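Asker: Attaching a single structure in structure tokens format; questions to follow.
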């Protein structure tokens, strides 16, 4: 376990490099599984391209907040439009998944529970040929990253 730092304004991009390395590992022709979780899913172009690469074979489930589980849901003023903006970004990502013919490898799920908001952020990777039920997680990235720009 080691902490990573992201301070792009001063040129420190350690978190970005570590996340990119994990996503690049998906290019191996294995059957690993990964879960990406971000409440505000505005994935960077670089991360999107790694997930949708023709060489990426891992199954990836993206979990994000439904509009009702977004912390800005029901806010007054301009912030009240933020959940709809994330829905638009999610739709654009799903369009890219379809265009890349990765529908069987990349699935997006929205968390929703009445009265709850969703703020889970992280990446969990399971090694190839391990069942998704009860298999040990081989790598975990947790922290403040929204995987976004």
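The values are calculated or read from the model by the stated rules, or taken from the named source; none is laboratory data. In this text the structure is predicted, and so the values were computed from the model without any measurement. We place every Cβ from the backbone using ideal geometry, glycine too, and count neighbours over all the protein chains shown.
Asker: Name every residue in the stretch 14-40 that is surrounded by 11 or more Cβ atoms within 10 Å (Cβ to Cβ), modelled with pLDDT under 85 and not in a helix (DSSP H, G or I), in order of residue number.
Answerer: 28, 30, 31, 32, 33
Asker: So is residue 103 more than 28 Å from residue 8 (Cβ to Cβ), in contact with a strand residue (DSSP E or B) (Cβ under 9 Å, 6 or more places away or on another chain) and either modelled with pLDDT under 85 or not in a strand (DSSP E or B) (or both) or not? First the steps, then the outcome.
Answerer: Working: more than 28 Å from residue 8 (Cβ to Cβ): yes; in contact with a strand residue (DSSP E or B) (Cβ under 9 Å, 6 or more places away or on another chain): no; either modelled with pLDDT under 85 or not in a strand (DSSP E or B) (or both): yes.
Answer is no for this residue.
Asker: Determine which single condition residue 54 fails, assuming it passes every other condition in (1) under 23 Å from residue 4 (Cβ atoms); (2) in a loop (DSSP other than H, G, I, E, B); (3) at pLDDT 85 or above.
Answerer: (1)
Asker: Further, regarding this structure: Here is a list: 107, 5. Which entry is surrounded by fewer than 18 Cβ atoms within 10 Å (Cβ to Cβ), touching a helix residue (DSSP H, G or I) at 6+ places or on another chain (Cβ under 6 Å) and under 20 Å from residue 123 (Cα atoms)?
Answerer: After ruling out the rest, the residue left standing is 5.
Asker: Can I ask one more? Considering only the stretch 86-98, I want to know if a residue exists there that is touching a strand residue (DSSP E or B) at 6+ places or on another chain (Cβ under 8 Å) and without any contact (Cβ under 8 Å) to a residue 40 or more places away in the chain.
Answerer: Yes, the stretch 86-98 contains at least one residue that is touching a strand residue (DSSP E or B) at 6+ places or on another chain (Cβ under 8 Å) and without any contact (Cβ under 8 Å) to a residue 40 or more places away in the chain.
Asker: Quick check on this structure: which one of 73, 93 is at pLDDT 95 or above and surrounded by 15 or more Cβ atoms within 10 Å (Cβ to Cβ)?
Answerer: 93
Asker: What is the number of the single condition among (1) out of contact with any strand residue (DSSP E or B) (no Cβ under 6 Å at 6 or more places or on another chain); (2) surrounded by 13 or more Cβ atoms within 10 Å (Cβ to Cβ); (3) within 20 Å of residue 98 (Cα to Cα); (4) at pLDDT 90 or above that residue 82 does not meet?
Answerer: Checking residue 82 against (1) out of contact with any strand residue (DSSP E or B) (no Cβ under 6 Å at 6 or more places or on another chain); (2) surrounded by 13 or more Cβ atoms within 10 Å (Cβ to Cβ); (3) within 20 Å of residue 98 (Cα to Cα); (4) at pLDDT 90 or above, the one that fails is (3).
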